[in-house]
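The numbers here are math on the coordinates, done by the rules we state, and not lab data. Quick caveat, the model's predicted, so the values are computed rather than measured. Here the Cβ positions follow ideal geometry from the backbone for every residue, glycine too, while neighbour counts run over all protein chains shown.
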């Protein structure tokens, strides 16, 4: 087992990465004072991992409430959140009950928001079972549900007490979900670690083949990068926005197509190609580097062009992006591979040209 610590202003906590960790109930029990937890998961993960985790916890003297919600981004909404809250109330969960999120990014975001708001906040543990959640969404305390007008528009910053990334859960991950997770790994290399980006170029096939050593390496390096940024800017007042590279375009894709039509990682992949193209148009990034990024994304089996929404629709959807300030969009763009910057001075002509090129590429 390897451990990375997140030293956020509101809470310091460990991220444990290894194999067989679902059976390590002592790690969860040692991170929270509560002897009762509510495990929130979905109907895909539950048949595989809910009972093994619950059995381990109960053997360690921690009582378990089991809450199962429908799978999918389209269920990260008010109705499903209300379903979780209703179950917490039905089981008479109080402030002495912790919430454990067992699943991918949707479960983590939803359960985390429930933990942030239920009885004004109860302790929270992340047990991510997808690559995307292990390398990104389980770390840093962003919790949210979607709104029909925009992704993750209702939420809270609420740090977990622990992240438990059991690499064994990746063995049952569908191929499409694995590839979607690679998008966030590529993002971390593109914005903050040129050496990681080059490593991915040389080792992508090992990741696609689920090589355990290679997967452990990218999970650890990704969370190190994200943990460092979160420690310096927990509530995204400045530097943390860099982690949204590709997301302004990507969130527009997810909302425009309908949540769940494209996986989050797929939309971010196309969004990164768009953002790199915009970076080249503005003279920030050289064209060969943008081509390297596009090739790596394509090799990962991810989209390199957005869906054929109209330019006006893209602009409408992007106008509600959370990084906008004073009605003006801010973009995360590349200066070079391994270095990104926030730009709030992107002109409409460059943006329109980028969108028109990206959806016909």
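Brief remarks on what is shown
- Hey, residue 90 surrounded by fewer than 20 Cβ atoms within 10 Å (Cβ to Cβ), in contact with a helix residue (DSSP H, G or I) (Cβ under 8 Å, 6 or more places away or on another chain) and over 30 Å from residue 265 (Cα atoms) or not: no
- Some residue of region 3-25 being part of a loop (DSSP other than H, G, I, E, B) and without any contact (Cβ under 8 Å) to a residue 24 or more places away in the chain: no
- Among the residues making up region 314-332, those that are without any contact (Cβ under 8 Å) to a residue 60 or more places away in the chain, outside any loop (DSSP other than H, G, I, E, B) and surrounded by 14 or more Cβ atoms within 10 Å (Cβ to Cβ) are 315, 316.
- Conditions (1) closer than 18 Å to residue 331 by Cα; (2) in contact (Cβ under 8 Å) with a residue 24 or more places away in the chain; (3) more than 13 Å from the chain's Cα centre (by Cα); number of the one not met by residue 280: (2)
For (1) in contact with a helix residue (DSSP H, G or I) (Cβ under 9 Å, 6 or more places away or on another chain); (2) in a strand (DSSP E or B); (3) within 23 Å of residue 109 (Cα to Cα), each residue gets a yes or a no:
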{"position": "266", "(1), (2), (3)": "yes, no, yes"}
{"position": "272", "(1), (2), (3)": "yes, no, yes"}
{"position": "276", "(1), (2), (3)": "yes, no, no"}
{"position": "284", "(1), (2), (3)": "yes, no, no"}
{"position": "288", "(1), (2), (3)": "no, no, no"}
{"position": "301", "(1), (2), (3)": "yes, no, no"}
{"position": "312", "(1), (2), (3)": "no, no, no"}
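- Counted residues, region 26-64 - those being on the phi > 0 side of the Ramachandran plot and either within 21 Å of the chain's Cα centre (by Cα) or free of Cβ contacts under 8 Å to residues at least 24 places away in the same chain (or both): 0
- Qualifying positions in region 101-121 - more than 12 Å from residue 42 (Cα to Cα) and touching a residue at least 40 places away in the same chain (Cβ under 8 Å): 109, 112, 113, 114, 115, 116
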